[in-house]
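Reviewing the structure listed below.
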Amino acid sequence: MTLLRVEDVDKSYGDEEVLNGVSFEMDRGDVDVLVGPSGSGKSTMLRCINRLTEVDDGDIWLNETHVTAPDADVNALRQEVGMVFQDFNLFAHLTALENVTLGLKRVLGMDAAEANERAADHLRQVGLAEQSDSYPAELSGGQQQRVGIARALAMEPKLMLFDEPTSALDPELVGEVVSVMRDLAERGTTMLVVSHEMGFVRSAADDVHFLDGGRVVESGPPEQLFQRPEHDRTEEFLAGLQSRAPE
Amino acid sequence: MTLLRVEDVDKSYGDEEVLNGVSFEMDRGDVDVLVGPSGSGKSTMLRCINRLTEVDDGDIWLNETHVTAPDADVNALRQEVGMVFQDFNLFAHLTALENVTLGLKRVLGMDAAEANERAADHLRQVGLAEQSDSYPAELSGGQQQRVGIARALAMEPKLMLFDEPTSALDPELVGEVVSVMRDLAERGTTMLVVSHEMGFVRSAADDVHFLDGGRVVESGPPEQLFQRPEHDRTEEFLAGLQSRAPE
Amino acid sequence: MLQTGDWTFVLNNLDYLLSGAAVTVGLTVTSLLLGLLVGFPAGAIEVYGDGVGKRLVSLAGVVLRGTPIVVIMLVLFFVVSISKSAFVTATVGLGLRSAAYQSQIFRGALQSVDDGQMEAARSIGMSRLGGIRHVVVPQALRRSMPGFQNEFTIVLKDTSIAFAIGLAELLTRGYDLFTQSGRSTAVLEVFLVISAIYFVLTFTTNRGLDWLSEYYAIPSGENT
Amino acid sequence: MGDGGSGNGDGGGGNGSAGTEQAPSITAGTAPGFPPFEMKEGGELVGFDIDLFEAVVSETEYRFDGWSEFEFDSLIPALTNNNIDAIAAGMTINEKRDQTIDFTDPYYSSDQAIVVREDGDFSPGSLSDLADRPVGAQKGTTGEGVVQDELVGDEISENQYNAYDNYVLAIQDLQNGNVDAVVIDVPVAETFAKNRPVEIAFVYETGEKFGFGVRTDDDELTSALNSGLSAVRESGRYEELTQKWFGE
Amino acid sequence: MSTGEPSVADEVRTTVTVDTDRPWALAGLAVFWGWLLIRWTNDFLLPNSLAFPSDRSFVPVAPFASAAESVGAVAASLGLFGAPLDVLAGVLSFFAGAIPSLPPLARGAWLTIVLTVAGIAFGFVLAVPLSVARVYGGRGLRWLSLSYTELLRGTPLLAQLFVLYFGLPLTQIIRTLPGVGVGMVPGTAVWVAIIGFTLNSAAYQAEYIRSALESVDAGQLTAARSIGLSKVDGIRYVVLPQGLRYAIPGWSNELVYLIKYSSLAAFITVRELFFQAESIANDTFRYTELFVLAALFYLALVVSASLLMNVVEERTAIPGLGGKRRA
Ligand SMILES: Nc1ncnc2c1ncn2[C@@H]1O[C@H](COP(=O)(O)OP(=O)(O)OP(=O)(O)O)[C@@H](O)[C@H]1O
Ligand SMILES: Nc1ncnc2c1ncn2[C@@H]1O[C@H](COP(=O)(O)OP(=O)(O)OP(=O)(O)O)[C@@H](O)[C@H]1O
Ligand SMILES: [Mg+2]
Ligand SMILES: [Mg+2]
């Protein structure tokens, strides 16, 4: 059953065409990965899905919701779509727990007790039960990112977006976040991930979309894309990637 | 002919023994390299030689000058010893040319014309004839470091000290600085360099001194140290280094 | 409340007000210069000095920064009585207080210059004093520009407090106008006009100083 | 600052206490805003005190060096600190002041007027009628003395006394309704009554006299001013001036 | 129109602090506040029948005066060597002269504090929307906020007070409000002064808060929006709590400024600290004692405010946010 449908999306900044007729679909429970060189439009694509960025043209549907309709309720939409950022963006003045409860209380209108309970659940799920009273500055990068994931998950979104969730982490911390993500994938969370973490891509991705210059050059399951890419550009890019991360 | 003689130098900060009986010698025209893990005292050793740091015990001689004598003229000494810093420390309010002429005018008392001429020579030597009117903030890291080298060279010191001159540079800029240093080495400049740039060490060093915990564990020509180190500690450290920089 | 008659009255006396504005500007300039002359060394002493000198400077600074300027002026005029002239007294009062602030601006600026700059200066054989003079101070001066600009407008506005010792500056002259018999209805007009003059003064000097600091800025800035 | 009366800037002028020079110069201080004694007209300092003092000085050996303007209550410290050499500001001779400075012979006598709004809502006949009413006066004046001594604490609270730097502002605030009465010297009150919607409710007799203020150690100047004052009275100039400033 | 934004300088100015390791300074402050509180309680709260007379000082003058006299006599007899004693005699006679004026100064200090606290608090209420409008508002709002701050910061506070008190019919309105000037509620002029300080301080506070808001990472608001918070809620729950912490150093400066500039209220008949000092000085001609005393009072208030703000800063500090002043 199709959850997300991206249809022919265009987006320019000034003269620069950042997205150029991008289309793809995801079913509920899918884990899709966007890969592509820097500046190819991956982040922009994610941001269009929760309308942090507005598309110029084309349509995005989430279930029955017409995301790109001018009158769409963006705040409601964003509850359906969780987002995890490259540099975490935890609320610096709130503890781990409060980071998670803020949305529950202020957006979903839960009372404190209920919100705390649900937040604690989600922190436990990402392995941070112990750290719930720590402030972001007191957490390692990997721990911060896991709080970021818990914060997004707690809203119980239909779709989770991850924008290079591990690329700001020291190499030794990448593992913890990847394992949390793999976990989520196994439990059926629908995820759209920008990542070049080959370990994750190979073990968890259903489909990989290769973007270049704002276009989807090629899509398919990871084995297919990695072993018999149709385009030279894809092969070249993926070859670079795989040599970089030899594990 | 011995230019620099370091004899049994000790230095502590509080309880921490940073240098512990360090001794070595350099002849005129030698290029010696200090390597060692972080905190092993490499920077401290360099700074003792131009008295930016005072030794606790032991002696340093530069030619006939007793560097560590309490009544030594430090300003005169520092003219004899040029220093290039890890993070460049260019005078931020002066152009490249002025960075070089400041010492010529204010320390050596040259007149403007003479100072400009000599400074221009040295900037040319490091390949920056074009940039002499640029301010540090307008230069790339590699260019800044080359100005730093020119600034030190222009004082025509007997000995040049380099403290990790390339480690604050983006990888693609390291090459320019290394090639300038190699050049200097070939022209007979006496240099004492803290660096883990294997390319430079192998091609230019006469002797390598391996420091660990404030002691010289082992000294010798690079081939000897790299291929048949006497100590396990040396072998282990150098093995790590070489795998890191495969070029 | 705003009456044409009053406007005419104020505009007829515009030259009277403007000559007050000249006093205001003069007082601002002399005070700032005195502030610079005293404040700069004081800031340097707070950074590089030690012992009694440093303690005295910082104590004087606390007293000057912790006391209202009107009290400072009255003490100078009526207690210490440094001069017969209200202008000189106001200059000294505003100047010393400004010195106390300027010293902090310079202190902050001096301390914000990276230690590596001094080390680099020493490493080419410069003396400590030489390093301060040729390397640290020139950079600190540029960095203190925004603070100095702020101080400029504060002094400019606080010259109005010389009103308390009877100096015929802009505000006093405005006061003179509407305290003439039969003119008290012109209060609002008078104050609108002198406020406008103050505003023009602060605004244009600020833009001027902006321009100046851009002109002298080190290309690409130091704001790394 | 070259304009008119405000001669603060001319620095180094005469230092009155020097005394030994021939024809030393003197600076006088006043506090404009006290019509008709001293006020500003078109930027010029004018008034009875101004004319009279200049006339008196011209009868002495002293050279007159111009006026300095102050708030009224700053005049005495300005005098004792040598900022000025004499005060001509409708200053009442009283004991307290006389302990700090010296006065010349009186040159005018006055009482205090209680001024109210013309609308007639409130027309007190004696000080006790002012009970619990906001009352104004100028800082440091005899009027303030009356308010402080006779009213504050008994008839009105401290907060009901509004002190102003200047009579004009007191009268303005009376018109604005922030105070119900202002205590002020009679001749001044008469001037205001003429050109403002205020009137004199009653006069409180203090029998006070105005004198020029001089430093206590400046006896030479005191006696010079005293003889100058008699000369001005004798020459008929004094009459002219009262006619000019208080006459119809 | 662009403002000069002197954020570095503003932070530099937070400089009237005492080292907490100087116990005598703290002890002095403790005595000062203890005395003030007792004085206020006595003068304002206790019924007249119980209270010590409000115009009499707690400390008698006589011992100081006689001590001064005798020490002075001894000093004189010692000639040149008496100099230190002479100083002591001077100090004693200073106290003798100062003591009678302490009660009115305590009352003035009360008003000074009322003016300052009210000015900063109401100013803050205005400053927050002003700064938010400046950073997040549309063109019109931004321009409005900018004009307001430029105008208020570009003209002298004293002129502003004169306009409000003498130039506008504000007093007529305030006067008719119920309760004004009754009992402990301050009178008309005080309210006008409070309005003036509020309007003026709002402009300065808005600048501090603006630069603090701008220093909050943009990612914070993005993250807030991405969990479904509206822009206003994002500002309210995420940006402001962080920005206001960054604003504390600048805000401490403003508090110190306001304490000092509250003295200008004297020019519109408010009987605050400076007014009391000046009026006693005019009455008694003891200018030295009164102005030095006034200066000491202000210093004590200013230093106390700085200490208080340090505590506030420590209390509101969050790891990685605020706390230590940013260098
Ligand atoms: N707000 C913006 N204004 C102008 N240009 C923008 C903006 N955001 C992105 N761009 C441009 O759009 C292009 C695509 O950016 P995007 O961040 O989507 O790329 P990306 O694939 O995520 O790259 P990276 O791997 O570096 O994160 C880039 O050239 C970028 O400069
Ligand atoms: N000024 C100082 N005060 C106190 N300790 C210092 C000081 N300078 C250096 N140290 C300490 O001395 C030890 C040696 O420092 P040094 O900088 O010489 O090491 P290094 O070999 O240059 O290391 P790195 O490779 O990290 O630059 C370190 O533990 C350092 O913390
Ligand atoms: Mg991206
Ligand atoms: Mg080092």
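The values are calculated or read from the model by the stated rules, or taken from the named source; none is laboratory data. Please read all numbers here as calculations on a predicted model, not as lab measurements. Reconstructed Cβ throughout: ideal geometry from the backbone, glycine too, with neighbour counts over all protein chains shown.
So, in the range A:30-44, of the ones that are in a strand (DSSP E or B) and under 20 Å from A:E80 (Cβ atoms), which residue ends up nearest to ligand 3 (Cβ to nearest atom)? It would help to see each step written out before you state the result.
Our first condition is that a residue be in a strand (DSSP E or B); within the range A:30-44, this holds for A:31-35.
Next cut, under 20 Å from A:E80 (Cβ atoms) only: A:31-32, A:34.
Values: A:V31: 19, A:D32: 16, A:L34: 9 Å.
Filtering first and then ranking leaves A:L34.
Looking at A:M45, A:M26, which one is touching a strand residue (DSSP E or B) at 6+ places or on another chain (Cβ under 8 Å), within 27 Å of A:L241 (Cα to Cα) and away from ligand 1 (no atom under 16 Å from the Cβ)? Working first, answer last.
Details: A:M45 fails: away from ligand 1 (no atom under 16 Å from the Cβ).
It is A:M26.
Which residue out of E:E278, E:E272 is free of Cβ contacts under 8 Å to residues at least 40 places away in the same chain and within 11 Å of another protein chain (Cβ to nearest Cβ)?
On the way: E:E272 fails: free of Cβ contacts under 8 Å to residues at least 40 places away in the same chain.
After ruling out the rest, the residue left standing is E:E278.
In the range B:160-185, which residues are polar (S, T, N, Q) and part of a loop (DSSP other than H, G, I, E, B)?
Taking the range B:160-185 as the starting set, the residues that turn out to be polar (S, T, N, Q) are B:166-167, B:179.
The answer is B:T166, B:S167.
Could you check the range D:77-89 and list, in sequence order, the residues that are surrounded by fewer than 24 Cβ atoms within 10 Å (Cβ to Cβ) and either more than 9 Å from chain C (Cβ to nearest Cβ) or in contact with a Pro (Cβ under 6 Å, 6 or more places away or on another chain) (or both)?
Within the range D:77-89, none qualify.
Quick check on the range C:82-102: of everything there that is within 9 Å of another protein chain (Cβ to nearest Cβ) and touching a residue at least 40 places away in the same chain (Cβ under 8 Å), which residue is farthest from the chain's Cα centre (by Cα)?
As a first pass, look at the range C:82-102 and keep what is within 9 Å of another protein chain (Cβ to nearest Cβ): C:83-89, C:100-101.
Those left that are additionally touching a residue at least 40 places away in the same chain (Cβ under 8 Å): C:86-87, C:89, C:100-101.
Working: C:A86: 17, C:F87: 15, C:T89: 15, C:A100: 10, C:Y101: 9 Å.
Here the residue is C:A86.
I'd like the residue in the range A:63-76 that is of a type in the set (S, T, N, Q) and away from chain E (no Cβ under 14 Å) and, out of all such residues, is nearest to ligand 4 (Cβ to nearest atom). It would help to see each step written out before you state the result.
Within the range A:63-76, the first condition is being of a type in the set (S, T, N, Q), and the residues that meet it are A:63, A:65, A:68, A:75.
Those still in the list that are away from chain E (no Cβ under 14 Å) too: A:63, A:68.
Values: A:N63: 58, A:T68: 55 Å.
Restricting to residues being of a type in the set (S, T, N, Q) and away from chain E (no Cβ under 14 Å), the top hit is A:T68.
Would you pick out the residues in the range B:210-232 that are among the aliphatic types (A, V, I, L, M) and either part of a strand (DSSP E or B) or within 16 Å of ligand 3 (Cβ to nearest atom) (or both)? Steps first, please.
Let us first name the residues in the range B:210-232 that are among the aliphatic types (A, V, I, L, M), namely B:211, B:216-217, B:225.
Once the filter is applied, which keeps residues that are among the aliphatic types (A, V, I, L, M) and either part of a strand (DSSP E or B) or within 16 Å of ligand 3 (Cβ to nearest atom) (or both), the range B:210-232 yields B:L211, B:V216, B:V217.
Could you please tell me which pairs satisfy a Cβ distance under 6 Å, a separation of 6+ or placement on different chains, a first residue in the range A:176-198 that is away from chain E (no Cβ under 14 Å) and within 16 Å of A:L211 (Cα to Cα), and a second residue that is part of a helix (DSSP H, G or I) and within 16 Å of ligand 1 (Cβ to nearest atom)?
A:V194/A:K42; A:H196/A:L241
Cβ-Cβ under 8 Å, sequence separation 6+ or interchain: first residue in the range B:98-124 and more than 13 Å from chain C (Cβ to nearest Cβ), partner crowded, with 17+ Cβ neighbours inside 10 Å and outside any helix (DSSP H, G or I). Which pairs?
These pairs meet every condition: B:R118/B:M110; B:A120/B:S132; B:L123/B:S132.
Considering only residues that are of a type in the set (G, A, S), within 14 Å of chain A (Cβ to nearest Cβ) and crowded, with 24+ Cβ neighbours inside 10 Å, which ones fall in the range E:175-229? Spell out how you get there, then give the answer.
So the first thing to find is which residues in the range E:175-229 are of a type in the set (G, A, S), and the list is E:179, E:181, E:183, E:187, E:189, E:193, E:196, E:201-203, E:206, E:211-212, E:215, E:218-219, E:223-224, E:226, E:228.
Then keep just the ones that are within 14 Å of chain A (Cβ to nearest Cβ); that gives E:212, E:215, E:218-219, E:223-224, E:226, E:228.
Within the range E:175-229, E:A212, E:A223, E:A224, E:S226, E:G228 meet the criteria.
Of everything in the range D:188-231, what is among the basic types (K, R) and in a strand (DSSP E or B)? Give them in sequence order. Spell out how you get there, then give the answer.
Filtering the range D:188-231 down to residues among the basic types (K, R) leaves D:194, D:196, D:209, D:215.
Within the range D:188-231, D:K209 is the sole residue that qualifies.
What are the residues in the range A:160-175 that are within 16 Å of ligand 3 (Cβ to nearest atom), more than 14 Å from chain E (Cβ to nearest Cβ) and in contact with a helix residue (DSSP H, G or I) (Cβ under 8 Å, 6 or more places away or on another chain), if any?
Initially, the range A:160-175 is screened for residues within 16 Å of ligand 3 (Cβ to nearest atom), giving A:161-169.
Remaining after also requiring more than 14 Å from chain E (Cβ to nearest Cβ): A:166-167, A:169.
Hits for the range A:160-175 are A:T166, A:L169.
Residue by residue through the range A:125-180, note down the ones that are of a type in the set (S, T, Y) and under 17 Å from A:L104 (Cβ atoms).
Initially, the range A:125-180 is screened for residues of a type in the set (S, T, Y), giving A:132, A:134-135, A:140, A:166-167, A:179.
The answer is A:S132, and nothing else.
For E:G167, work out the one condition from (1) within 30 Å of A:G148 (Cβ to Cβ); (2) surrounded by 20 or more Cβ atoms within 10 Å (Cβ to Cβ); (3) over 25 Å from the mean Cα position of the chain (by Cα) it doesn't fulfil.
It fails just one condition, (1).
State all residues of the range B:144-159 that are facing chain C (nearest Cβ under 9 Å) and assigned to a helix (DSSP H, G or I); if no residue qualifies, say none.
B:G148, B:R151, B:A152, B:A154
Per-residue answers, yes or no, for (1) within 14 Å of another protein chain (Cβ to nearest Cβ); (2) away from ligand 2 (no atom under 16 Å from the Cβ); (3) closer than 23 Å to A:A205 by Cα:
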| site | (1), (2), (3) |
| --- | --- |
| A:Y13 | no, yes, no |
| A:D30 | no, yes, yes |
| A:P37 | no, yes, yes |
| A:W61 | no, yes, yes |
| A:R78 | yes, yes, no |
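Could you identify the single residue in B:A129, B:A137, B:A115, B:A96 that is under 20 Å from C:V136 (Cα atoms) and in contact with a helix residue (DSSP H, G or I) (Cβ under 8 Å, 6 or more places away or on another chain)? Steps first, please.
On the way: B:A129 fails: under 20 Å from C:V136 (Cα atoms); B:A137 fails: in contact with a helix residue (DSSP H, G or I) (Cβ under 8 Å, 6 or more places away or on another chain); B:A115 fails: under 20 Å from C:V136 (Cα atoms).
None of the others qualify; the one that does is B:A96.
Of the conditions (1) more than 9 Å from every other protein chain (Cβ to nearest Cβ); (2) at pLDDT 90 or above; (3) surrounded by 23 or more Cβ atoms within 10 Å (Cβ to Cβ), C:V137 clears all except one; give me its number.
(3)
May I ask you to verify whether A:Q86 is within 16 Å of ligand 1 (Cβ to nearest atom) and of a type outside the set (S, T, Y)?
Criteria met by A:Q86.
How many residues does the range E:245-255 contain that are modelled with pLDDT of 90 or more and within 10 Å of chain A (Cβ to nearest Cβ)?
Going through the range E:245-255 one residue at a time, the tally reaches 0.
Give C:R142, C:R128, C:R122, C:R65 a once-over and let me know the one that is within 8 Å of another protein chain (Cβ to nearest Cβ), more than 19 Å from the chain's Cα centre (by Cα) and farther than 13 Å from C:F40 by Cβ.
Details: C:R142 fails: more than 19 Å from the chain's Cα centre (by Cα); C:R128 fails: within 8 Å of another protein chain (Cβ to nearest Cβ); C:R65 fails: more than 19 Å from the chain's Cα centre (by Cα).
Going through C:R142, C:R128, C:R122, C:R65 in turn, just one is within 8 Å of another protein chain (Cβ to nearest Cβ), more than 19 Å from the chain's Cα centre (by Cα) and farther than 13 Å from C:F40 by Cβ: C:R122.
Those residues that are at the interface with chain E (Cβ under 9 Å from one of its Cβ atoms), aliphatic (A, V, I, L, M) and farther than 26 Å from C:L11 by Cβ, I need them from the range C:184-216; list them, please.
If the condition is that a residue be at the interface with chain E (Cβ under 9 Å from one of its Cβ atoms), aliphatic (A, V, I, L, M) and farther than 26 Å from C:L11 by Cβ, then C:L209 is the only one that fits.
Select from the range A:17-28 the residues that are closer than 22 Å to A:T234 by Cα and surrounded by fewer than 23 Cβ atoms within 10 Å (Cβ to Cβ) and write down the one among them that is nearest to ligand 2 (Cβ to nearest atom).
If we filter the range A:17-28 for residues that are closer than 22 Å to A:T234 by Cα, which is where we start, we get A:17-26.
Subsequent filtering for residues that are surrounded by fewer than 23 Cβ atoms within 10 Å (Cβ to Cβ) retains A:17-18, A:20-21, A:23-26.
Values: A:E17: 46, A:V18: 42, A:N20: 47, A:G21: 51, A:S23: 51, A:F24: 48, A:E25: 52, A:M26: 48 Å.
Among residues in the range A:17-28 that are closer than 22 Å to A:T234 by Cα and surrounded by fewer than 23 Cβ atoms within 10 Å (Cβ to Cβ), the one nearest to ligand 2 (Cβ to nearest atom) is A:V18.
Of (1) surrounded by fewer than 19 Cβ atoms within 10 Å (Cβ to Cβ); (2) modelled with pLDDT of 95 or more; (3) aliphatic (A, V, I, L, M), A:V100 satisfies all except one. Which?
(1)
Is it the case, given these coordinates, that B:R47 is within 13 Å of ligand 4 (Cβ to nearest atom) and outside any strand (DSSP E or B)?
Details: within 13 Å of ligand 4 (Cβ to nearest atom): yes; outside any strand (DSSP E or B): yes.
Spelling it out, B:R47 is indeed within 13 Å of ligand 4 (Cβ to nearest atom) and outside any strand (DSSP E or B).
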